[in-house]
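*Asks:* Quick one: structure below, then a few questions.
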Amino acid sequence: MAQIFEVHPDNPQARFLRQAAQILGQGGIGAIPTDSSYALVCQLDDKAAAESLRRIRGVDDKHHMTLLCRDLSELGSYARVDNKQYRMIKTATPGPFTFILEATKEVPRRLSHPSRRTIGLRVPDHRVTQDLLALMGGPLLATTLIPPGEHEPINDPQEITARYDKLIQLIIDAGACPMKPTTVVDLTAEPPVLVRRGCGDPACLGLELQEAEEAQE
């Protein structure tokens, strides 16, 4: 059964987050709030946890996983970013955007896209997520909490508990999050491609984006 921590969204109890970080550090899978929707997360360098995360989410190795980072300095350790890309990311960070970038060698090959060697990265604007990342000391591997075969993320912590209690080890309940996932922008393309419209407004990036024919979840 999942351990549930009820925390204040703007002033989360540090002792609960420390316990949550310990569970994730021991290979657990968690459901946590973000500035877009709830996400399933695990420790970045835990192969078994990453495989469980994909299985619970119902996606294969071609699905872009996301690294949740505390700030842009962390992002630079896991992705190759040129000056133009950095300026674009900086305008929307922190915020509900996921940027697809070329992965560095710091990212385990099994976590990046198998043919493109790319990874999704983002810096969430949510106090609970930020404090948890600080305790973890590095990024978390994440994917939007959308059940297999469905198209909308789950927003209600009670529903998350009812559906995932026996599948994951941790639920951080900070109340409702927005119902939309992040806006996803592929910066490896020229011009950049809008892969998915979500919470973030693409107009704030200051570029005309080519929109992908099919959105991805």
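The values are calculated or read from the model by the stated rules, or taken from the named source; none is laboratory data. Computed from a predicted model, the values in this text were never measured in an experiment. A quick note on method: Cβ atoms are made from the backbone with ideal geometry, for glycine too, and the neighbour counts reach across all protein chains shown. Remember, those area values only see protein heavy atoms, side chains included, never the ligands or the DNA or RNA. Shrake-Rupley method; radii C 1.70, N 1.55, O 1.52, S 1.80 Å.
*Asks:* Got a number for residues in the stretch 117-144 being open to solvent by 20 Å² or more (accessible area, probe 1.4 Å) and in a loop (DSSP other than H, G, I, E, B)?
*Replies:* Total satisfying the criteria: 4.
*Asks:* Say we look at the stretch 14-67 and pick out the residues that are of a type in the set (Asp, Glu) and in a loop (DSSP other than H, G, I, E, B); which of these is surrounded by the most Cβ atoms within 10 Å (Cβ to Cβ)?
*Replies:* So, considering only residues that are of a type in the set (Asp, Glu) and in a loop (DSSP other than H, G, I, E, B), the one surrounded by the most Cβ atoms within 10 Å (Cβ to Cβ) is 35.
*Asks:* Could you list, ordered by first residue, the pairs with Cβ atoms under 6 Å in which the first is in the stretch 179-204 and in contact (Cβ under 8 Å) with a residue 12 or more places away in the chain and aliphatic (A, V, I, L, M) and the second is in a loop (DSSP other than H, G, I, E, B) and open to solvent by 20 Å² or more (accessible area, probe 1.4 Å), at least 6 apart or interchain?
*Replies:* If the second residue must be in a loop (DSSP other than H, G, I, E, B) and open to solvent by 20 Å² or more (accessible area, probe 1.4 Å), the pairs left are 179/155; 193/212; 194/209; 195/212; 195/216.
*Asks:* Can you pull out the residues in the stretch 182-217 that are under 18 Å from the mean Cα position of the chain (by Cα), in a loop (DSSP other than H, G, I, E, B) and modelled with pLDDT of 85 or more?
*Replies:* Selection gives 182, 187, 197, 198, 199, 200, 201.
*Asks:* Which residue pairs have Cβ atoms closer than 6 Å, lie 6 or more positions apart in sequence or on different chains, and pair a first residue in the stretch 5-23 that is on the phi > 0 side of the Ramachandran plot with a second residue that is open to solvent by 70 Å² or more (accessible area, probe 1.4 Å) and assigned to a loop (DSSP other than H, G, I, E, B)?
*Replies:* From the stretch 5-23, no pairs qualify.
*Asks:* How many of the residues making up the stretch 145-196 are within 17 Å of residue 128 (Cα to Cα), out of contact with any strand residue (DSSP E or B) (no Cβ under 6 Å at 6 or more places or on another chain) and open to solvent by 20 Å² or more (accessible area, probe 1.4 Å)?
*Replies:* Going through the stretch 145-196 one residue at a time, the tally reaches 5.
*Asks:* Sticking with this structure for a sec: Name the residues in the stretch 125-138 that are at pLDDT 95 or above and not hydroxyl-bearing (Ser, Thr, Tyr), would you?
*Replies:* Selection gives 125, 126, 127, 128, 130, 131, 132, 133, 134, 135, 136.
*Asks:* Could you list, in sequence order, all residues of the stretch 68-106 that are of a type in the set (Gly, Ala, Ser) and assigned to a strand (DSSP E or B)?
*Replies:* Across the stretch 68-106, the qualifying residues are 79, 103.
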